[in-house]
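First up is the structure itself, then whatever we jot down about it.
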Amino acid sequence: SQKIEQNSEALNIQEGKTATLTCNYTNYSPAYLQWYRQDPGRGPVFLLLIRENEKEKRKERLKVTFDTTLKQSLFHITASQPADSATYLCALDDNRGATNKLIFGTGTLLAVQP
Amino acid sequence: DAGVIQSPRHEVTEMGQEVTLRCKPISGHDYLFWYRQTMMRGLELLIYFNNNVPIDDSGMPEDRFSAKMPNASFSTLKIQPSEPRDSAVYFCASSRQGDTGELFFGEGSRLTVL
């Protein structure tokens, strides 16, 4: 079955810098890959989706890339702010888009220092 | 819409007791998912429904766990009897068929089994 790997260590960066988070998967390429944000005590919230035929997707200060050769997605937050501090989860479909079933990575905690 | 609604938000119970968690998905969504989140294992998919029908329950850990969806606006996850290792945050999420699988999560039910 599909396995997702995210850096379990927290990422600490200075305000204003670009944060880059990594998501690697092990088996077949998913039809799409998603990124979610989770704040303490809250449910995950959808941020961005990128399809397998897309190399890059942007939304305001967020950018996601998808490299099916490397089996990797990178999630970037430019001009980071303390309010961006949260856990970021990578998720991908488990059935080549045939169903809405998603499996999640364990997430990476981002801490933006003022 | 009010979003996905879960209850209770917090539950503390003793080992051996029955626990029932409840979920009201977003109106019009065809898929409903139950996830469990722990520090060690992250977000694990337990079971999901499509149009009220259970599709994949391979993530349900044991026979002690059961889930139902009697209608499009209500689902339950029951644990009987509960054990300390069941302590976790249980999330319900819903999504719309035909969309790109974006999940809308509830705020979760934090279960502590003593």
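The values are calculated or read from the model by the stated rules, or taken from the named source; none is laboratory data. These figures come from a predicted structure and were not determined experimentally. Here the Cβ is made from the backbone with ideal geometry for all residues, glycine too, and neighbour counts use every protein chain on show.
Considering A:R51, A:R61, the condition of being surrounded by fewer than 19 Cβ atoms within 10 Å (Cβ to Cβ) and at pLDDT below 95 is satisfied by A:R51 alone.
With the structure loaded, tell me whether A:A83 is assigned to a helix (DSSP H, G or I), among the aliphatic types (A, V, I, L, M) and at pLDDT 95 or above or whether it fails that test.
Numbers: assigned to a helix (DSSP H, G or I): yes; among the aliphatic types (A, V, I, L, M): yes; at pLDDT 95 or above: yes.
When the stated conditions are applied, A:A83 passes them.
I need the full set of residues from segment A:64-110 which are more than 29 Å from B:S94 (Cβ to Cβ) and either loosely packed, with under 14 Cβ neighbours inside 10 Å or within 14 Å of another protein chain (Cβ to nearest Cβ) (or both), in order please. Within segment A:64-110, A:D67, A:T69, A:L70, A:A79, A:Q81, A:P82 meet the criteria.
Does segment A:94-104 contain any residue that is part of a strand (DSSP E or B) and farther than 17 Å from A:N24 by Cβ? So far as segment A:94-104 goes, no, none of its residues is part of a strand (DSSP E or B) and farther than 17 Å from A:N24 by Cβ.
From the list B:G106, B:G42, which residue is within 24 Å of A:N100 (Cβ to Cβ) and buried (at least 20 other Cβ atoms within 10 Å of the Cβ)? Spell out the reasoning first.
Numbers: B:G42 fails: buried (at least 20 other Cβ atoms within 10 Å of the Cβ).
Going through B:G106, B:G42 in turn, just one is within 24 Å of A:N100 (Cβ to Cβ) and buried (at least 20 other Cβ atoms within 10 Å of the Cβ): B:G106.
Consider A:G16 carefully, then state whether it is small (G, A, S), within 12 Å of chain B (Cβ to nearest Cβ) and assigned to a loop (DSSP other than H, G, I, E, B). Spell out how you get there, then give the answer.
Values: small (G, A, S): yes; within 12 Å of chain B (Cβ to nearest Cβ): no; assigned to a loop (DSSP other than H, G, I, E, B): yes.
Criteria not met by A:G16.
Considered as a group, the residues in segment A:19-34 that are within 11 Å of chain B (Cβ to nearest Cβ) and part of a strand (DSSP E or B) include one that is surrounded by the fewest Cβ atoms within 10 Å (Cβ to Cβ), and that residue is A:Y32. Selection over segment A:41-55 of residues that are in contact (Cβ under 8 Å) with a residue 40 or more places away in the chain and either hydroxyl-bearing (S, T, Y) or more than 21 Å from B:F33 (Cβ to Cβ) (or both) gives a count of 0.
Residues that are more than 23 Å from A:Q38 (Cα to Cα), facing another protein chain (nearest Cβ under 9 Å) and more than 14 Å from the chain's Cα centre (by Cα) number at least 2 in none of the strands (runs of 3 or more DSSP E) confined to segment B:15-114. With respect to A:R58, is the statement that it is free of Cβ contacts under 8 Å to residues at least 12 places away in the same chain, out of contact with any Pro (no Cβ under 6 Å at 6 or more places or on another chain), assigned to a loop (DSSP other than H, G, I, E, B) and more than 13 Å from A:T106 (Cα to Cα) true? No, not satisfied.
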